[in-house]
1. How large a share of the accessible area of the chain, in percent, is made up of carbon and sulfur atoms when the probe is 1.4 Å and the other protein chains stay in place?
2. Short version: ³J(HN,Hα) in whole Hz for each residue of the stretch 206-219, in order, from phi by Karplus 6.51 cos²θ - 1.76 cosθ + 1.60 (θ = phi - 60°), x for Gly and Pro, what are they?
3. Would you mind checking which residues have amide H under 5 Å from Glu106's amide H? H placed 1.01 Å from N; only 5 or more apart, or other chain.
4. Enter the angle in degrees (range 0 to 90, nearest 10) between the Cα long axis of helix 108-123 and the first principal axis of the Cα atoms of the chain, meaning the one along which they spread out most.
5. Output wanted: per-residue J couplings in Hz (rounded whole) for the stretch 232-249, from phi through Karplus 6.51 cos²θ - 1.76 cosθ + 1.60, θ = phi - 60°, x for Gly and Pro.
6. In Å², and per residue, what accessible area does the stretch 133-174 have when probed at 1.4 Å with the other protein chains present?
7. Mind listing P(r) for the stretch 81-170? All alpha-carbon pairs, 10 Å bins, whole percents.
8. In the stretch 124-216, which chymotrypsin sites (Phe, Trp or Tyr not before Pro) fall in coil by DSSP and have 13 or fewer other Cβ atoms within 10 Å?
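The values are calculated or read from the model by the stated rules, or taken from the named source; none is laboratory data. In this text, all values refer to a predicted model and were calculated from it rather than measured experimentally. As a convention, Cβ positions derive from the backbone with ideal geometry for all residues, glycine included, and neighbour counts pool all protein chains shown. Surface accessibility is based on the protein's heavy atoms, side chains included, excluding ligands, DNA and RNA. Shrake-Rupley method; radii C 1.70, N 1.55, O 1.52, S 1.80 Å.
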Amino acid sequence: MKKIVMIIAALSLFACQKKSDNPYVTLQGTIKNSKLDSISILGKKFKKVIYLNEDGSFKDTLKVVDGFHGLTDGSQQAFMYLKNGYDMVLEMDMNEFPKAVNFEGEGAATNNYMTKKLIFIQNEKLTDYAHFFQMEKEEFDAKMEEVKMNLDHLLTEATGVEPSVYKTELEMNEKLIIFFQSNYEKEHQNYVGLNEGDPSPTFTYEDQFGKKVSLSDLKGKYVYIDVWATWCGPCKQEIPYLKEMDEAFKGKNIAFVSVSIDKMEHKDKWLKMIEEEDLRGIQLLADNDWNSEFVSAYNIQGIPRFILIDQEGNIVNSNAPRPSDPSLQDMLNTLEL
């Protein structure tokens, strides 16, 4: 399941590709809060690095095969539909991705639709399969109807979307619903025993100093667990918010534990990120990446994944809100910390 291409990838870097008689794409704009001095445009057998000015502005021309392309600054990745002949202005703030993304000019309609869909996907947690497969059947069926209705509405309300993209989106929306419905019965069984009040699966992993830390060592405290990896863009987006939560609940009866599923051969990257990002809380490295016992026990197929455990080691929420979700602080405030 974790190898199933995420829905954003399913939109496809390489879908709807065809050659055009138009000469090239003109792309300009401003990228705020980029960690690098350049951005990369990625397509099928295509890559172009565009250097940013000091104020984050840029302008360049691209000769492309019409279709979806990635745009990345090394930490975040957006997707754009590019077609030779487009003349677009892009404004993006990497600290507020994907909300602070806007296109203007020729090709803007298609790309602004894609941005709205990405926001919808994140808000509805459509890449977090556990969120849906944990639901009981009646709730799951109702949610699927709601998701399908909203996806269809988002597409039909968009004007000026490229016809080939519109057609592909109809197909992908249908495939998404079929994927969830066809896998529900099998996957739902994997979450039996992971309900509120059930004893949590345990772990014993080493921290950055080589000390072994077990879940049982934290008994008597609430434990908020972040399962993540250094290569995971959405995981890294949560880091500033996780730091804020750690600061907000400093001195309270709760431990913030980050469990990395980086491969052991990439331990140095994990250690480097801990230092460079000044990561807080308890930092642990799982012993067998995706196949670690704790990760498998929680049937984690996508990250980041957040889990809240009570003082007795029982599950409060096996799919807890992210640090960036305001509902997390509301949830923690209800606990006796």
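1. Details: 7970 of 16790 Å².
Answer for the chain is 47 percent, counting heavy atoms of protein chains only.
2. Once rounded to whole Hz, the list reads 8, 8, 5, 9, x, 7, 7, 10, 10, 4, 5, 5, 9, 4.
3. Asp87
4. 10
5. Rounded to whole hertz, the list is 8, x, x, 5, 5, 4, 7, 4, x, 5, 5, 4, 5, 5, 4, 5, 5, 10.
6. Numbers: 2460 Å² over 42 residues.
Ligands and nucleic acids excluded, the figure is 59 Å² per residue.
7. All Cα pairs considered, the percentages come to 15, 40, 31, 13, 2.
8. Details: sites: Tyr129, Phe132, Phe133, Phe140, Tyr166, Phe179, Phe180, Tyr184, Tyr191, Phe203, Tyr205, Phe209; in loops: Tyr191, Phe203, Phe209.
Answer in residue order: Phe209.
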